[in-house]
Structure formats: C-alpha cells, structure tokens
Amino acid sequence: MTLAEDNGPERGGDDMFAAEYVLGVLPADERQIASRRIDSETDFARLVDGWEVRLSPLADAYPEIEPPASVKAAVDRRLFASTPAAPAEPRAGLWSSLAFWRGLAVAAVAALALYIAVPYVNPVAVQPQTRLVASLAADGSDVKYLAVYDAAHHEVSLSHVSGERASGKDFELWMIEGKNAPVSMGVIPSGATAHIVVSPSAQQKLAQGAVLAVSLEPSGGSPTGQPTGPVVAAGNLKSI
C-alpha cells in the first residue's frame, strides 16, 4: 500500500466510532446508530465517555464570548425606537395594520443581520475556530490515531487509539496533497497524545483538506525525506 493510494474511507472499530461520535463528524444515520448503542450497550457508552474526557481539552483554548452590550442596544433601537410623527386621522388598530407587521419584519431581519455582522466588524473579538479531524487507520494494521488540525494554533493534535511501534522504530506523520509527494510533518512522539506544530507552508494546504498518513520509519524518522516504511494508518481531514 502506498501513501497516495491509502486515502479511502477511514476504518476503525468501536473505539474510533465512539471518537467520531464525540467529535460530531458522523453522518446522521450513523450518529443515530451510535446514540442507540449508547443507550443499550454499556461497553460502547463507556468508550464514548472516555473520548469525551480525552477530547474535552481541545475546547479549552476557545472560551465562551458574550456579544457586546452594544448589540442588544442596537436591536432595541431597531425594534422599538419611535420617531415623532405629525398627527394623523384615526385609523385601524396597530395590531391589525399590515404595514406595521411588514415594518416589524424588516426591522427584525435588519437586527439579526447586525447581530451576525458585529463579530466581523470587531476583529478584536474574533476567535478562529477552524478545526478539521481525521480518523487514521489502514487495512491489515492495528495502528489507529485520531488527528485534529487546529488552524487557530497551527498544530495537529494526535490521540493514539491503538497499535505499538516496533523496537527501534518511530511513527512519522505525513501530509499528502493531491498527487504531490508526501510532506513530512515530523516524528510522532510516543504517548497517548501528541502535538505537532504545522509549518507555515503546510497550514493553508491542511485548511483546504488533505490526507494525513502515518508510516513506520527508522528511529528518528525517514532518512530520505520520503516514506521508507509501510503505511500503518491514513485518513482524510474533514470539517468538524
């Protein structure tokens, strides 16, 4: 198997299925299956609980941000501000006025647009939230990783699901963009979790979606700058 060929659907067992459920990347039908299994299968429910604990630190860098107080004031002005008007002849009640309801609808749409636009016109409050996820696995291999690319912090976080490196060997992470040659992103540190800083040249390519792959290499990584060992896991980055 080559790195370029191993870019099909991700494969994995219940552990990976639970991780993808927690990340929210499963299709609707598979998510329903997972929900039913959580209710009926204790072991699967424990896997989901475990991944919620393991992945929860990913959100620590993204604090909740309340909209500025000026947003509510702007909405109130749009909806409830009154303007002086010349006396008019008595007319039908306000609540039966078609013009009133049309005007209120226009004001509500304008207020909603203002609320949505505020974060974009106030860059100080903007917090990049772009993250992509990939389940890394391969046929005939017990090595599985869950990878999350955090565009805001320019790093790939890896959770080691299963599989061990052979003695005197290292796992190396690669990025594959289309038909281009694999680009090394570095040797994966041993442990349950690892973080790999993404170089500026690779950041845009990852943000657009790419294939991540893991190969088994000599200790310290590939001596040639290209994969020399077998591909033990691979998968496509997808939006969360």
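The values are calculated or read from the model by the stated rules, or taken from the named source; none is laboratory data. Just so we're clear, the structure is a prediction, and the values are computed from it rather than from any experiment. All Cβ positions, even for glycine, are placed from backbone atoms using ideal geometry, and neighbour counts span all protein chains on display. The protein model used for the area step is the full one, side chains on, heavy atoms only, and it has no ligands, DNA or RNA in it. Shrake-Rupley method; radii C 1.70, N 1.55, O 1.52, S 1.80 Å.
Quick look at the values:
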quantity: Selection status of residue 35, modelled with pLDDT of 75 or more, open to solvent by 30 Å² or more (accessible area, probe 1.4 Å) and more than 26 Å from residue 231 (Cα to Cα); calculated: yes
quantity: Neighbours by Cβ (under 6 Å, 6+ apart or cross-chain): first from segment 198-212, within 13 Å of residue 134 (Cα to Cα); second open to solvent by less than 10 Å² (accessible area, probe 1.4 Å) and hydroxyl-bearing (Ser, Thr, Tyr); calculated: 206/149
quantity: Count of segment 13-39 residues which are over 16 Å from residue 134 (Cα atoms) and either β-branched (Val, Ile, Thr) or assigned to a loop (DSSP other than H, G, I, E, B) (or both); calculated: 2
quantity: Residue match in segment 126-136 (condition: of a type in the set (Ser, Thr, Tyr), farther than 17 Å from residue 234 by Cα and not in a strand (DSSP E or B)); calculated: yes
quantity: Conditions (1) modelled with pLDDT of 90 or more; (2) more than 22 Å from residue 228 (Cβ to Cβ); number of the one not met by residue 172; calculated: (2)
quantity: Any hit, segment 205-221, residues being out of contact with any Ser or Thr (no Cβ under 9 Å at 6 or more places or on another chain), of a type outside the set (A, V, I, L, M) and closer than 29 Å to residue 47 by Cα; calculated: no
quantity: Residue check for residue 203: polar (S, T, N, Q) and within 18 Å of residue 151 (Cα to Cα); calculated: yes
